[in-house]
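Read through the structure below, which is laid out as structure tokens, and then see the notes.
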Amino acid sequence: MNKTTIPPRSNVAAGDQWNLDSLFSGDAEWEEALSQLQSAADAVNAFRGKIAGDSPKEADFAACLTAYSAAQRIGERVGNYAFLKKSADESDASNVDRVGRYIMAASAFEAAVSWLVPAIQAIPDGLVRAWLGAPELADYRVWLEKLLRLKPYILSEKEERILALEIESRQTPRAAFSALTNVDLDFGFVDAGKGPEPLTQTTWTKFLENPNRAVRAEAYGKFYGTFDAHKNTIASLYAGSVAQDVAEARIRGYESARAMALFPDRVEEAVYDALVDTVRANLTPLHRYYALRKKTLGLAELRHYDVYVPLVSEAKRVTPYGEAVELIAEALKPLGGEYVSTIKSGLTGGWVDRYENKGKRSGAFSSGGYDGDPYILMNYKEDVLRDVFTLAHEGGHSMHSWYSARNNPFMSYNYTIFEAEVASTFNEDLLFRHLMKTASDPKMKAYLLSTRASDILATLYRQTMFAEFERTTHALVESGTPLTADLLRAEYRKLIEAYFGPEMVFEETSDLEGLRIPHFYNAFYVYKYATGISASLALAERVSSGGQAEREDYFKFLKSGGSRYPIDALRVAGVDMASPEPVAAACRRFAAIVDELEGALDL
């Protein structure tokens with residue numbers, strides 16, 4: 001479905017929109033649930049004297065957790081509906097208002113019941129563990145075991161309330177960075193041949209992919225020139241974010257901010273370090289890729305603004321949405337009939353909001369909850385083959401949510417970010433394999449190889465570089481070294497010189513890239529993208545070349561939800577992320593694709 005104009009939301013066909021009835025039948029029902037959330041703390045707080053007392057009883061404890069779980073479940077459903085409505089049309093003031101009212105209600109609930117976790121932690125471990133086998137606590141066993149593990153770092157009721165009340169204010173560095181870079185900064189205009197067009201955070205990628213090198217150079221210069229003019233302000237925002245991470249870790253008693261971030265997933269810091277070390281030891285294929293890029297583009301020197309322009313112009317292929325679903329279903333056949341029929345039904349039913357409309361959020365995402373369908377936002381374009389991969393990717397997330405919600409109680413169904421990218425990139429790899437097998441056009445194969453190399457580079461190598469930067473910046477603050485714009489730039493320049501290799505010629509402003517990455521305001525999670533794609537590549541190979549046993553192992557992972565720690569869940573699936581081998585194998589896979597790409601480009 002190609003459109004020359006972007007329609008308002010009111011003109012989008014019902015069949016092209018997601019159907020939110022699995023959450024609420026409409027706004028009126030949502031309002032009723034919001035009122036339930038606003039009063040939900042009362043049901044939990046009714047047990048305060050009984051749970052926080054000297055002799056808590058098992059029955060009161062179970063009833064309190066039931067009330068708490070019910071409130072959390074209502075809150076998830078209310079929040080999901082609100083955010084989905086806003087994502088579909090941010091120009092509708094009622095959608096914006098709905099999200100604001102949900103956030104206020106959820107924050108008030110968390111502050112009101114902030115006594116609960118410290119109270120549970122105050123109950124003797126032996127008593128809580130003796131209760132874990134009780135049938136009425138079966139749905140909370142995993143959640144409680146994880147909570148008991150956090151006990152050394154849970155503070156007193158008063159201290160936890162203070163931290164809860166500060167949640168909103170701690171968002172200031174991230175919110176200020178977003179407002180500054182997405183709204184306030186004026187990057188100017190670039191003429192790409194159709195007259196001056198605005199350069200923004202959104203259009204930046206389009207200009208960097210332009211085949212006209214002069215356009216790329218102009219966009220790059222103006223973009224980073226603007227960041228240069230505000231570098232001290234942005235550096236101060238990031239330094240403040242890092243300082244907050246370090247302060248909370250010290251308040252709670254963790255050895256470091258990184259230890260605090262990794263502890264809930266039970267991931268050793270050695271796993272993080274092994275990722276960096278393994279990728280560092282396998283930079284040669286990455287450097288060969290950049291040398292190939294330089295040669296293919298016919299450049300005397302490779303500049304930083306040359307790394308995103310496609311090596312192969314997109315092979316002409318029109319894939320209407322329905323055909324994309326059929327193609328994805330065919331590619332995912334190794335996962336069996338239930339998986340394929342379920343995802344196919346969801347993608348053609350009410351899961352997906354398919355096309356762009358005015359006010360709709362850009363990009364794509366999957367939003368699955370315990371109640372309701374695992375919804376997907378797309379801005380699908382039938383003449384963009386990458387959008388087929390995006391649909392497969394988000395479908396992987398949604399199917400992960402579908403299996404998790406159906407095989408776990410609410411309090412332990414939600415999987416971690418560490419695991420999230422596995423199911424999505426797994427689907428992408430199966431789609432890539434299928435298209436490579438069925439493509440007869442050499443240009444199509446070259447395009448697929450080029451795109452796959454770019455995707456693995458962005459997820460494995462680039463995210464690891466980001467992870468290394470986060471490790472460095474937090475360690476500097478923890479050692480007593482303040483972060484300045486000059487220091488941040490110097491540290492980031494070391495990294496880009498190492499990762500991009502000898503073929504790259506950098507601009508004076510190239511190291512400002514380290515100041516524009518929004519992911520850095522949510523510390524120590526980008527490494528999970530690198531571990532995720534490493535695991536997914538290993539599992540896709542295992543399932544594709546294996547049989548029923550290997551497929552069932554993968555489904556054990558999809559069904560685990562939050563019932564296992566992520567490394568344990570992936571180990572059940574057949575890959576050990578505590579070992580550096582999956583990362584090394586992913587680097588070898590990238591090297592093999594670069595080799596094949598070089599042949600496909602006929603150099």
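Summary table below
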| read-out | value |
| --- | --- |
| Check on Glu248, surrounded by fewer than 18 Cβ atoms within 10 Å (Cβ to Cβ) and either β-branched (Val, Ile, Thr) or in contact with a Lys or Arg (Cβ under 7 Å, 6 or more places away or on another chain) (or both) | no |
| Any helices (runs of 4 or more DSSP H) falling wholly within region 250-348 and containing at least 1 residues that are free of Cβ contacts under 8 Å to residues at least 40 places away in the same chain, within 30 Å of Ala578 (Cβ to Cβ) and of a type in the set (Gly, Ala, Ser) | 257-262, 269-280 |
| Among residues of region 203-216, those that are in contact (Cβ under 8 Å) with a residue 24 or more places away in the chain, more than 24 Å from the chain's Cα centre (by Cα) and surrounded by fewer than 17 Cβ atoms within 10 Å (Cβ to Cβ), counted | 2 |
| Residue count, region 135-147 (criterion: in contact with a helix residue (DSSP H, G or I) (Cβ under 6 Å, 6 or more places away or on another chain) and farther than 15 Å from Phe410 by Cα) | 0 |
| Flag for Ala70 being buried (at least 20 other Cβ atoms within 10 Å of the Cβ), part of a helix (DSSP H, G or I), on the phi < 0 side of the Ramachandran plot and of a type outside the set (D, E, K, R) | no |
| Members of region 402-453 that are of a type in the set (D, E, K, R), crowded, with 18+ Cβ neighbours inside 10 Å and farther than 19 Å from Val325 by Cα | Glu419, Glu421, Lys445, Arg452 |
| Residue list for region 186-208, filter: part of a loop (DSSP other than H, G, I, E, B) and over 18 Å from Ser510 (Cβ atoms) | Asp186, Gly188, Ala192, Gly193, Lys194, Gly195, Thr200, Thr202, Thr203 |
| Sole residue being closer than 30 Å to Val113 by Cβ, exposed (fewer than 12 other Cβ atoms within 10 Å of the Cβ), touching a residue at least 40 places away in the same chain (Cβ under 8 Å) and not aliphatic (A, V, I, L, M), chosen from Pro173, Pro152 | Pro152 |
| Total residues in region 114-148, condition among the β-branched types (Val, Ile, Thr) and more than 24 Å from Asp265 (Cβ to Cβ) | 1 |
| Residue list for region 462-510, restricted to those being in a helix (DSSP H, G or I) and at pLDDT below 95 | none |
| Lone qualifier among Gly225, Gly298 - being among the small types (Gly, Ala, Ser), over 28 Å from the mean Cα position of the chain (by Cα) and on the phi > 0 side of the Ramachandran plot | Gly298 |
| Leading residue by the ranking (farthest from Pro118 (Cα to Cα)) among those in region 12-58 that are in contact (Cβ under 8 Å) with a residue 60 or more places away in the chain and more than 31 Å from the chain's Cα centre (by Cα) | Glu58 |
| Any hit, region 458-465, residues being among the hydrophobic types (A, V, I, L, M, F, W, C), farther than 17 Å from Asp277 by Cα and surrounded by 19 or more Cβ atoms within 10 Å (Cβ to Cβ) | no |
| Only one of Lys231, Lys222 that is of a type in the set (Lys, Arg), modelled with pLDDT of 95 or more and closer than 30 Å to Ser313 by Cα | Lys222 |
| Hits in region 179-202 (condition: in contact (Cβ under 8 Å) with a residue 40 or more places away in the chain and surrounded by fewer than 16 Cβ atoms within 10 Å (Cβ to Cβ)) | Leu180, Asp186, Thr202 |
| Filter result for Arg129 (touching a residue at least 12 places away in the same chain (Cβ under 8 Å), in a helix (DSSP H, G or I), at negative phi and surrounded by fewer than 16 Cβ atoms within 10 Å (Cβ to Cβ)) | yes |
| Members of region 112-126 found to be in a helix (DSSP H, G or I) and either in contact (Cβ under 8 Å) with a residue 12 or more places away in the chain or surrounded by 18 or more Cβ atoms within 10 Å (Cβ to Cβ) (or both), listed by number | Ala112, Leu116, Val117, Pro118, Ala119, Ile120, Gln121, Ala122, Asp125 |
| Which numbered condition Ala281 misses (of (1) closer than 30 Å to His434 by Cβ; (2) loosely packed, with under 15 Cβ neighbours inside 10 Å) | (1) |
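A quick yes/no check of all residues on (1) touching a Ser or Thr at 6+ places or on another chain (Cβ under 6 Å); (2) farther than 30 Å from Glu421 by Cα; (3) free of Cβ contacts under 8 Å to residues at least 12 places away in the same chain; (4) β-branched (Val, Ile, Thr):
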{"position": "Tyr447", "(1), (2), (3), (4)": "no, no, no, no"}
{"position": "Tyr461", "(1), (2), (3), (4)": "no, no, no, no"}
{"position": "Glu468", "(1), (2), (3), (4)": "no, no, no, no"}
{"position": "Thr472", "(1), (2), (3), (4)": "no, no, no, yes"}
{"position": "Ala475", "(1), (2), (3), (4)": "no, no, no, no"}
{"position": "Ser479", "(1), (2), (3), (4)": "no, yes, yes, no"}
{"position": "Asp486", "(1), (2), (3), (4)": "no, yes, yes, no"}
{"position": "Leu495", "(1), (2), (3), (4)": "no, no, no, no"}
{"position": "Tyr499", "(1), (2), (3), (4)": "no, no, no, no"}
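Every residue, every condition in (1) among the acidic types (Asp, Glu); (2) closer than 30 Å to Ser450 by Cβ; (3) in contact with a helix residue (DSSP H, G or I) (Cβ under 7 Å, 6 or more places away or on another chain); (4) modelled with pLDDT of 95 or more, yes or no:
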position: Ala259; (1), (2), (3), (4): no, no, yes, yes
position: Phe263; (1), (2), (3), (4): no, no, no, yes
position: Glu269; (1), (2), (3), (4): yes, no, yes, yes
position: Tyr272; (1), (2), (3), (4): no, no, yes, yes
position: Val276; (1), (2), (3), (4): no, yes, yes, yes
position: Ala281; (1), (2), (3), (4): no, yes, no, yes
position: Tyr289; (1), (2), (3), (4): no, yes, yes, yes
position: Arg303; (1), (2), (3), (4): no, yes, no, yes
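Residue-wise test of (1) hydroxyl-bearing (Ser, Thr, Tyr); (2) without any contact (Cβ under 8 Å) to a residue 60 or more places away in the chain; (3) in a loop (DSSP other than H, G, I, E, B); (4) within 29 Å of Gln244 (Cβ to Cβ).
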{"residue": "Asn95", "(1), (2), (3), (4)": "no, yes, no, no"}
{"residue": "Glu110", "(1), (2), (3), (4)": "no, yes, no, yes"}
{"residue": "Glu136", "(1), (2), (3), (4)": "no, no, no, no"}
{"residue": "Lys146", "(1), (2), (3), (4)": "no, no, no, yes"}
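The values are calculated or read from the model by the stated rules, or taken from the named source; none is laboratory data. Small disclaimer: the values here were computed from a predicted structure and weren't measured. Methodologically, a virtual Cβ is constructed for each residue, glycine included, from the backbone with ideal geometry; neighbour enumeration extends over all protein chains shown.
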